[in-house]
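This is the structure I have questions about; it appears just below.
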Amino acid sequence: MSDLRFVPPLHPNSQLDAARRQQDLERAATEDFDLVVIGGGITGTGIALDAVTRGLSVVLLEAKDLAFGTSRWSSKLVHGGLRYLAKGDVGLAWESARERAVVASRIAPHLVTAIPQVVPDFAGSRRSAALAMAGFLAGDSLRVAARTPRGVLPRARRVDRETALQLVPGMRQRDLLGASVGWEIQLVDDARLVIAVARTAAAHGAAILTQTNATDVDPAHGSVTVNDERTGDSFTVQARHIINAAGVWSDRLDPDLELSPSLGSHVVIPTELVGAGHGSLTVQVPGEINRFVFALPQSDGLTYVGITDRPAPDGVVDEPSAPDSDINWILEVLNQALERPVEPSQRVGSFAGLRPLVSSAVSDSSADISRQHLIRRTDRLISIVGGKLTTYRRMAEDAVDQVTSRPCVTKQVALVGSGPSETRLDVPADLWRYYGNEAPGVWDNRGSADSTVDPAVAARLRFGRDFEGAATPADLLDRRTRASFRPVSKDLQAYASQLVSTMS
């Protein structure tokens, strides 16, 4: 790891506060940039980081907030692409395995953990169990080839009935013989990855601007008309190149793009309904070889169950919701492997995201449309769509290769929070998990919150305002934390509102 470049904890250049926003606004309105990036999801922030670390001057424009769109509604997995391997897409599976290794072993180990995927072996379904194990072993081969250490991602194995129930205590016991267990990489939070990439880009000199809506693009002259959503003021940003990374909204800036947005839904349930183990119950969808429903336990006592994959029924909306039909279908598949079925009324909530998939053919199922990304160029405008969270770094590399011949270095650029840290027993464990070596600073910055607000939550909210660009209560409660996944108390809502009202 001696080749890695680290950002010191709480480095002032990584601080996305009100003062930095004003400074970046002035730069955007007066400087000529090498590159304007439109979109503050994982693709856009990844491009900003790639470009600025190649020595380009960069400004990123996001209409709402970092991770506002698709990037925060994933399954929170950096996965090795077994599904693509099962479909014969060896190239995409290999790329996924390599990029997983970069994230988990090099640039962001503090944001991930290994999670066992448990495929139950029931009497009468031995063929499915054998296929699952074969897939896990193939995935092991990819892990070894990608040089992911076994300490980061253990090898697959068969386990007996007792061990299977330890991993997923709520699994159906009738006819249970054992399980196939593979391992994947789970993000502590997908929005946190986006924010870490954005702050790392800022630390290296990129201007990162949220609530700045790119309303018009002139590809011939390299200009972008921008509206500051906070003040209503408009200005123009000038650059040699423009990269459109606006996800499912990309065709608003590049109308010739052909997208087929798909909807992916998850159900949020209390983890106790599937047992208090640490394994991800993985249930094969009846009649389909390479499609599964996953129950992914989180550190906060909730479990995310999903995922559906179908054409978006309502088109592109800012905040999609999971249809009742998706919720019922997810639980119906999950319940086949549970001792006690989960009823829709027992869910804590649900969420859904839109994927900006590239149209390749007319299809009744968006699962048939490629996750590979498409880069399209018109004059100075470059649009990038498709892809997936796992391969964000490679997508960014391909996009920036369009504007410079300087080599990509992001395999050597650790994200904020990564690197050696001091030992502090007084810092809550959750903060280490979310912030890595910045956890002591986050804790020390917690202030004197009202006694009704948990100090660790107060620390996270305050840090979201002071370092992570949060400007509204929703930014804090929805994307800097996941507090809104549970009913938000009036005290917590008031505290979040009070924090943003005192921004300078």
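The values are calculated or read from the model by the stated rules, or taken from the named source; none is laboratory data. Bear in mind that the values here come from a model prediction, so they are computed numbers and not experimental data. Here Cβ is always computed from backbone atoms with ideal geometry, including for glycine, and neighbour counts include all displayed protein chains.
Tally time: how many residues in the stretch 416-455 are in contact (Cβ under 8 Å) with a residue 24 or more places away in the chain and among the polar types (S, T, N, Q)?
Selection size over the stretch 416-455: 4.
Take the residues in the stretch 256-266 that are part of a loop (DSSP other than H, G, I, E, B), in contact with a helix residue (DSSP H, G or I) (Cβ under 7 Å, 6 or more places away or on another chain) and not hydroxyl-bearing (Ser, Thr, Tyr), then tell me which one is surrounded by the fewest Cβ atoms within 10 Å (Cβ to Cβ).
So the first thing to find is which residues in the stretch 256-266 are part of a loop (DSSP other than H, G, I, E, B), and the list is 256-258, 260-261.
Add one more test, that the residue is in contact with a helix residue (DSSP H, G or I) (Cβ under 7 Å, 6 or more places away or on another chain), and what stays is 257, 260-261.
Now drop any that are not not hydroxyl-bearing (Ser, Thr, Tyr), which leaves 257, 261.
On the way: LEU257: 17, PRO261: 24.
Of everything passing the filter in the stretch 256-266, LEU257 is surrounded by the fewest Cβ atoms within 10 Å (Cβ to Cβ).
Is it the case that SER2 is at pLDDT below 95, small (Gly, Ala, Ser) and surrounded by fewer than 22 Cβ atoms within 10 Å (Cβ to Cβ)? Break it down stepwise before answering.
On the way: at pLDDT below 95: yes; small (Gly, Ala, Ser): yes; surrounded by fewer than 22 Cβ atoms within 10 Å (Cβ to Cβ): yes.
Considered against the rule, which asks whether it is at pLDDT below 95, small (Gly, Ala, Ser) and surrounded by fewer than 22 Cβ atoms within 10 Å (Cβ to Cβ), SER2 comes out as yes.
Something else now. Please count how many residues of the stretch 237-248 are crowded, with 23+ Cβ neighbours inside 10 Å and either among the basic types (Lys, Arg) or farther than 17 Å from VAL52 by Cβ (or both). Let's see the steps before the verdict.
Pass one, the stretch 237-248, residues crowded, with 23+ Cβ neighbours inside 10 Å: 237, 239, 241-248.
Remaining after also requiring either among the basic types (Lys, Arg) or farther than 17 Å from VAL52 by Cβ (or both): 244, 246-248.
Total meeting the criteria: 4.
Now for a different question. Taking into account only those residues within the stretch 461-490 that are polar (S, T, N, Q) and touching a residue at least 12 places away in the same chain (Cβ under 8 Å), which is surrounded by the most Cβ atoms within 10 Å (Cβ to Cβ)? Break it down stepwise before answering.
Within the stretch 461-490, the first condition is being polar (S, T, N, Q), and the residues that meet it are 472, 481, 484, 489.
With the extra rule that they be touching a residue at least 12 places away in the same chain (Cβ under 8 Å), the set shrinks to 472, 481, 489.
Working: THR472: 18, THR481: 24, SER489: 12.
Among those residues, the one meeting the criterion is THR481.
When you look at ALA214, is it in a helix (DSSP H, G or I), assigned by TED's automatic domain parsing to the domain that holds ALA48, buried (at least 20 other Cβ atoms within 10 Å of the Cβ) and in contact (Cβ under 8 Å) with a residue 60 or more places away in the chain, yes or no? I'd like the intermediate steps shown before the answer.
Values: in a helix (DSSP H, G or I): no; assigned by TED's automatic domain parsing to the domain that holds ALA48: yes; buried (at least 20 other Cβ atoms within 10 Å of the Cβ): yes; in contact (Cβ under 8 Å) with a residue 60 or more places away in the chain: yes.
Answer is no for this residue.
Also: Can you pull out every residue in the stretch 139-170 that is out of contact with any Asp or Glu (no Cβ under 9 Å at 6 or more places or on another chain), hydrophobic (A, V, I, L, M, F, W, C) and farther than 19 Å from VAL283 by Cα?
Correct list: LEU142, VAL144, ALA145, VAL152.
I'm checking my understanding of the structure. Among residues of the stretch 290-320 that are over 19 Å from LYS76 (Cβ atoms) and surrounded by fewer than 14 Cβ atoms within 10 Å (Cβ to Cβ), which one is nearest to the chain's Cα centre (by Cα)? Show your work before the answer.
So in the stretch 290-320, the residues over 19 Å from LYS76 (Cβ atoms) come out as 290, 310-318.
Narrowing further to those that are surrounded by fewer than 14 Cβ atoms within 10 Å (Cβ to Cβ): 313-315, 317-318.
Numbers: PRO313: 23, ASP314: 23, GLY315: 22, VAL317: 19, ASP318: 17 Å.
The qualifying residue nearest to the chain's Cα centre (by Cα) is ASP318.
Condition check ((1) touching a Gly at 6+ places or on another chain (Cβ under 7 Å); (2) surrounded by fewer than 24 Cβ atoms within 10 Å (Cβ to Cβ)) across all residues:
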| residue | (1), (2) |
| --- | --- |
| ALA28 | no, no |
| GLU31 | no, yes |
| VAL37 | yes, no |
| THR43 | yes, no |
| THR53 | no, yes |
| LEU60 | yes, no |
| TYR84 | no, yes |
| GLY91 | no, yes |
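Where in the stretch 45-162 are the helices (runs of 4 or more DSSP H), entirely inside, with at least 1 residues that are free of Cβ contacts under 8 Å to residues at least 12 places away in the same chain? Walk me through it before giving the result.
Numbers: elements: 82-86, 90-102, 126-145.
Those helices (runs of 4 or more DSSP H) span 90-102, 126-145.
Another question, then. What are the residues in the stretch 412-444 that are over 17 Å from LEU111 (Cβ atoms), surrounded by fewer than 17 Cβ atoms within 10 Å (Cβ to Cβ) and not hydroxyl-bearing (Ser, Thr, Tyr), if any?
The answer is GLN412, GLU422, ARG424, LEU425, ASP426, ASP444.
On the given criteria, is ILE269 in contact with a helix residue (DSSP H, G or I) (Cβ under 8 Å, 6 or more places away or on another chain) and farther than 27 Å from THR472 by Cβ?
On the way: in contact with a helix residue (DSSP H, G or I) (Cβ under 8 Å, 6 or more places away or on another chain): yes; farther than 27 Å from THR472 by Cβ: yes.
Yes, satisfied.
Just to be sure I understand, how many residues within the stretch 320-353 are part of a strand (DSSP E or B) and either closer than 16 Å to VAL293 by Cβ or β-branched (Val, Ile, Thr) (or both)? Before the answer, list the steps.
Taking the stretch 320-353 as the starting set, the residues that turn out to be part of a strand (DSSP E or B) are 338, 349-353.
After this cut, where a residue has to be either closer than 16 Å to VAL293 by Cβ or β-branched (Val, Ile, Thr) (or both) as well, the list is 338, 350-352.
Result for the stretch 320-353: 4.
Quick one: which of ILE185, ILE195 is among the hydrophobic types (A, V, I, L, M, F, W, C) and touching a His at 6+ places or on another chain (Cβ under 9 Å)?
Details: ILE195 fails: touching a His at 6+ places or on another chain (Cβ under 9 Å).
One residue alone meets the criteria, ILE185.
So that you can scan it fast, the table gives a plain yes or no per residue for (1) assigned to a helix (DSSP H, G or I); (2) modelled with pLDDT under 95; (3) not basic (Lys, Arg):
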| site | (1), (2), (3) |
| --- | --- |
| THR452 | no, yes, yes |
| PHE463 | yes, no, yes |
| ARG479 | yes, no, no |
| ALA496 | yes, no, yes |
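In addition: Can you list residue pairs whose Cβ atoms sit under 8 Å apart, with the first residue in the stretch 491-504 being among the hydroxyl-bearing types (Ser, Thr, Tyr) and the second being assigned to a helix (DSSP H, G or I)? Count only pairs 6 or more apart in sequence or on different chains.
TYR495/ALA458; TYR495/LEU461; SER497/PRO473; SER504/ALA18; SER504/ALA19
If you scan the stretch 2-44, which residues turn out to be assigned to a strand (DSSP E or B), in contact with a helix residue (DSSP H, G or I) (Cβ under 9 Å, 6 or more places away or on another chain) and either without any contact (Cβ under 8 Å) to a residue 24 or more places away in the chain or closer than 16 Å to ALA239 by Cα (or both)?
Residues of the stretch 2-44 assigned to a strand (DSSP E or B): 5, 16, 32-38.
Those left that are additionally in contact with a helix residue (DSSP H, G or I) (Cβ under 9 Å, 6 or more places away or on another chain): 5, 16, 33-38.
PHE33, ASP34, LEU35, VAL36, VAL37, ILE38, listed by residue number.
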